[in-house]
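Engineer: A single structure is presented below for examination.
Taken together, the values in this text are just the output of simple stated rules run on the coordinates, not laboratory data. Remember, it's a predicted structure, so these values are computed and weren't measured experimentally. Backbone-built Cβ (ideal geometry, glycine too); neighbour counts: all protein chains shown.
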Amino acid sequence: MSLLYEYRVFLFAGFIETLLMSLTVAIGATGIAVFLATMLQSKIRVIKTAGYTLCEVLRDIPLMVNVLMVYFILPLIGLGFGPFWSACIAISIWGGANGAHILRAGLQSVGSGQRETAAAFNFGPIKTLFLIVLPQAMPVIIPPYVSLLTAVVQATSLGAIVGAQELLRAGQILIEQTTIMRGGSPAYLVYGSILVVYFVLCSLISLVGARVEAYYQRPYRGSGAQEIEKKIKDIEASMQTSA
Amino acid sequence: MIDWAYMWEAVPDLINGLGMTLLVSFLAIIFSLLAGAVGCALRVSSVKALNYLIAAYVEFIRGTPYLVQVFFVFYGLPSLGLKLSIFWSGVVALSIWASAFHIESFRAGLTSVSKDIRNASASLGLRAWHHGLFVVFPIAARSALPSTLNTVVSTIKNSAYLQAIGLVELTFVAVDRIAYEFRSIEMFLAICVIYLAVVLVVSALGHRLERRLDRPYVGR
C-alpha cells in the first residue's frame, strides 16, 4: 500500500488521463451512434444496407483488433494521431456501432401510431422526433446505453496496449520499475487497485444512469413498466458484452 | 496495394494462430458455462450469504475492464501463490469474465419462468428434480439463450485480448509479423476476415439452435 501512496501523483496523472479518455470516447461514441442510427433509419436502401453492414462488421471484429488496427493503419495514410487519439477513435467507433443499434431499437419501440398522430397534427419530422418519439423511446434507450457507456469507459484501458499514458499504463510502468529496482513484483497490488478504481468509476456511472432512468420512467410508473422492461431486456440480450 | 502473395505466405502462421484462438475460446466457453450454471445455482439458492457473494462477484467482474483482469490473473496471481502458464492464465481469465455474464443471463432466464408453474407441477405430482429438469429448465434455457449466445461469441472475440500477455493466438501472430515485416494492411485485413467468418459461423449456429428450440412455440 505504501508503494501506491509513494507514487500517488504518478498514478493520479494516469487516472486523470483515463477520465479524459472516458469523456472523449463517451462523446465520440454517442456522436457516431447518432450518425450510424440515422443511416439505419434511412429510407434510401443503399444507405440503410451500408449502415447495417458497417455496424455488423464493426461489432464482430474484436475491440482489441480494432484498437491495434487504428493505431497501425491510420499512420500509413498520413493520419498519425498518437496513442491517445487512436485509442479514442477505435473505441468510439466500436461504441458507436453498438450504440446505433440501441438507438434504432429504442426508436422502433415507439409505435407507428405515435408518428402518424404527430403527422396528423402537422408536426414536422424534427418536431416529431424530439417532442413525440424520443421522450417515449428514452426509457428503453437509457438502461442499455448506460451499460454501453460503462463498457467504453472500461475499454479505455486498451489505451495501455498502444501506449497511451492512462491508469493501466501507469500501473504497468510502476510495476516494471519496482520489480527492477526493489525486486519482487507488486503486480497483484497494483492491478488489484486498478480493478477497484474502475469498479468504483463504473458503479458511479451506473448510479447516475439509474437516476436518469428513473426520471424518464416516471410516466410509466404502474402501467406499462413491464412492457418497457421486456423491450430493454431484448436490446440488452443482443448487446455487446465485452470491454 | 495489397500484396496477395505475402498474405498467402502468412496463411500457415495464421492457421496456427486461429487454432490457438479456437482452442482457448473453446475451453473457456465450456468452463464458463459450467461455472455459470454452478454460480447461478448458488445465486438463487436459499443461503443468503452465497446469494450476496455471487451477486458481488458478478457485479465486480462486469464493472471492471477485462484487460486488467487478464493482467491480474497472469502477473498478479503468481505473487499470491498461483502460478499458471500463459495458456491457462488465458483460459482462466476468459472463463472468469464470461462466467459472470453467464450467471446473469441464466438467472434472468430462471426468473422468467412464472411461479404458477411450480403449483402446476405439484398438482401433477412431479418430484422436485422432475420439475426442475423437465419443466423449468426447458423454459429458462429458451429465454436465456440469446444473451448466452452473445456471451459465447464475445468469448471468442475477447480471446484477442490474450495477445497482451503473449499468448500466440490470431491477433498475436498478426502483430508479431507486423513488428518484423511492416505489412499491417495485409495482416489486419486477414485477421479481420478470419474473425468475421468465425463470429458469423458461430452466430449462425446459435440462431439455428434458437430456431430449433422455438419449434414448440411456432404459430403461437
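Engineer: Considering every Cα-Cα pair within segment B:9-51, what fraction, in whole percent, is farther apart than 15 Å?
Structural biologist: Numbers: 542 of 903 pairs.
Roughly 60 percent, rounded to a whole number.
Engineer: Return, for the Cα atoms of segment B:1-78, the radius of gyration and Dmax in Å, separated by a comma.
Structural biologist: 19.5, 63
Engineer: Further, regarding this structure: In terms of the Cα gyration tensor, with a ≥ b ≥ c the square roots of its eigenvalues, is segment A:104-219 rounded because a/c is under 1.5, prolate because a/b exceeds b/c, or oblate?
Structural biologist: Working: a/c = 5.73, a/b = 3.39, b/c = 1.69.
It is prolate, given that a/c is not under 1.5 and a/b is the larger ratio.
Engineer: Also, I was wondering about something else. Going out from 0 in 10 Å bins, what whole percent of all Cα-Cα distances in segment A:160-201 drops into each bin?
Structural biologist: 30, 50, 19, 1
Engineer: Please average, across the residues of B:149-159, the number of beta carbons from any other chain that are within 10 Å of each residue's own beta carbon, and give a whole number.
Structural biologist: Values: counts 2, 7, 3, 0, 5, 7, 2, 2, 10, 6, 2.
Mean shielding count: 4.
Engineer: Also, I was wondering about something else. Regarding segment B:59-118, what is the average projected area of its C-alpha convex hull, in nm²?
Structural biologist: On the way: hull surface 21.4 nm².
Computed as one quarter of the Cα hull surface, the answer is 5.4 nm².
Engineer: Same structure, new question: What is the Cα coordinate range of segment A:1-133 on the first, second and third principal axes, sorted by size from largest, in whole angstrom?
Structural biologist: If we take the Cα atoms of segment A:1-133, the spans are 67, 36, 23 Å.
Engineer: Continuing with the same structure: Could you give the length gained by full extension between A:S203 and A:S238, i.e. 0.36 nm per residue of separation minus their alpha carbon distance, to one decimal place? It would help to have the intermediate numbers written out before the result.
Structural biologist: On the way: separation 35, 0.36 × 35 = 12.60 nm, distance 2.23 nm.
Separation in residues times 0.36 nm, less the Cα-Cα distance, equals 10.4 nm.
Engineer: Working only with C-alpha atoms, what are the Rg and Dmax values of the protein assembly as shown, expressed in angstrom?
Structural biologist: Gyration radius and largest Cα-Cα distance of the protein assembly as shown: 23.4, 75 Å.
Engineer: To continue, here is another question. Going from the alpha-carbon gyration tensor of segment A:53-101, what semi-axes, largest first and in whole Å, does one get by taking the root of 5 times each eigenvalue?
Structural biologist: Values for segment A:53-101, descending: 20, 10, 9 Å.
Engineer: Restricting to Cα atoms and excluding each atom paired with itself, what does the Kirkwood estimate give for segment B:106-220 in Å?
Structural biologist: That comes to 17.5 Å for segment B:106-220.
Engineer: For segment A:113-180, take N as its residue count and report Rg(C-alpha) divided by 2.2 N^0.38 Å.
Structural biologist: On the way: Rg = 22.8 Å, N = 68, 2.2 N^0.38 = 10.9 Å.
Segment A:113-180 yields a ratio of 2.08.
Engineer: Would you look at the GNM of chain B, springs on alpha carbons closer than 10 Å, and say which of B:V201, B:V153, B:V91 moves the most?
Structural biologist: The residue with the greatest mean-square fluctuation here is B:V201.
Engineer: Across 10 Å bins from the origin, how do the percents of Cα pairs in chain A run, short distances first?
Structural biologist: Computed distribution, short to long bins: 7, 26, 30, 20, 11, 4, 1, 0.
Engineer: Work the Kirkwood hydrodynamic radius out for segment A:188-231: mean of 1/r over every pair of different alpha-carbon atoms, inverted, in Å. Let's see the in-between values first.
Structural biologist: Details: mean 1/r = 0.0791 Å⁻¹.
It works out to 12.6 Å.
Engineer: Dividing the alpha-carbon Rg of segment B:87-146 by 2.2 N^0.38 Å yields what? Spell out each step's value before the answer.
Structural biologist: On the way: Rg = 15.4 Å, N = 60, 2.2 N^0.38 = 10.4 Å.
The value comes to 1.48.
Engineer: Give me A:L76, B:L167, A:L189 ranked fewest to most by other Cβ atoms within 10 Å of their Cβ, as a rough exposure proxy.
Structural biologist: On the way: A:L76 11, B:L167 24, A:L189 19.
Ascending number of Cβ neighbours within 10 Å: A:L76, A:L189, B:L167.
Engineer: In cubic angstrom, how much convex hull volume per residue do the alpha carbon atoms of segment B:40-174 span?
Structural biologist: Details: hull volume 17.3 nm³, N = 135.
Residue-normalised Cα hull volume stands at 128 Å³.
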